[in-house]
Amino acid sequence: MKGPIFVAQRVVVTLYDDIDGSEATETIAFGVDGRTYEIDLNEANARKLRKALEPYVTAGRKRSRSGRAYRQTEVAPAPAAVRAWAQSNRMDVPARGRIPKKVYEAFAAAQ
């Protein structure tokens, strides 16, 4: 009996733009009315989609991974307002990302 024969296989996946049929460069996931969709787009169509959605994304609220909307409470007011207040009061606050709890507490105390 001879040794095993190994066969190499190479699989190439080519994405095609779901709008115009050209070669796609990325897959974009988005959601509307509680449903999630994916679409394969080339650079130009991806740019058009992002530009069309930009005013809605900017005005919308982010949702948590569980699907619940993030709530703003007295303890956690709008991060942009807290960040602006902290910067105007010369507090050390990152330009992006999570704002430290002590900054939120100082903001609440000043209100």
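Tabulated results
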read-out	value
First in segment 16-41 and surrounded by fewer than 14 Cβ atoms within 10 Å (Cβ to Cβ), second anywhere and among the small types (Gly, Ala, Ser), Cβ under 8 Å, 6 or more apart	Tyr16/Ser22; Tyr16/Ala24; Glu26/Ala46; Thr36/Ala29; Tyr37/Ala29; Tyr37/Gly31; Glu38/Ala29
In segment 34-55, residue farthest from the chain's Cα centre (by Cα) [restricted to those that are within 12 Å of Ala24 (Cα to Cα) and not in a helix (DSSP H, G or I)]	Asn42
Complete set of residues in segment 1-36 that are within 30 Å of Ala80 (Cα to Cα) and out of contact with any Lys or Arg (no Cβ under 9 Å at 6 or more places or on another chain)	Ala29, Phe30, Val32, Asp33, Gly34, Arg35, Thr36
Qualifying residues in segment 25-58 (those that are in contact with a helix residue (DSSP H, G or I) (Cβ under 8 Å, 6 or more places away or on another chain) and hydrophobic (A, V, I, L, M, F, W, C)) - the one nearest to Ala78 (Cα to Cα)	Phe30
Failed item in (1) out of contact with any helix residue (DSSP H, G or I) (no Cβ under 6 Å at 6 or more places or on another chain); (2) part of a loop (DSSP other than H, G, I, E, B), with Ile19 passing the rest	(1)
Any hit, segment 82-93, residues being loosely packed, with under 12 Cβ neighbours inside 10 Å, at pLDDT below 90 and either among the polar types (S, T, N, Q) or under 25 Å from Ala59 (Cα atoms) (or both)	no
Subset of segment 44-58 (residues that are loosely packed, with under 12 Cβ neighbours inside 10 Å and not polar (S, T, N, Q))	Arg47, Lys51, Ala52, Glu54, Pro55, Tyr56, Val57
Test: residue in segment 65-78 that is modelled with pLDDT of 90 or more and over 20 Å from the mean Cα position of the chain (by Cα)	no
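The values are calculated or read from the model by the stated rules, or taken from the named source; none is laboratory data. Computed from a predicted model, the values in this text were never measured in an experiment. Here Cβ is always computed from backbone atoms with ideal geometry, including for glycine, and neighbour counts include all displayed protein chains.
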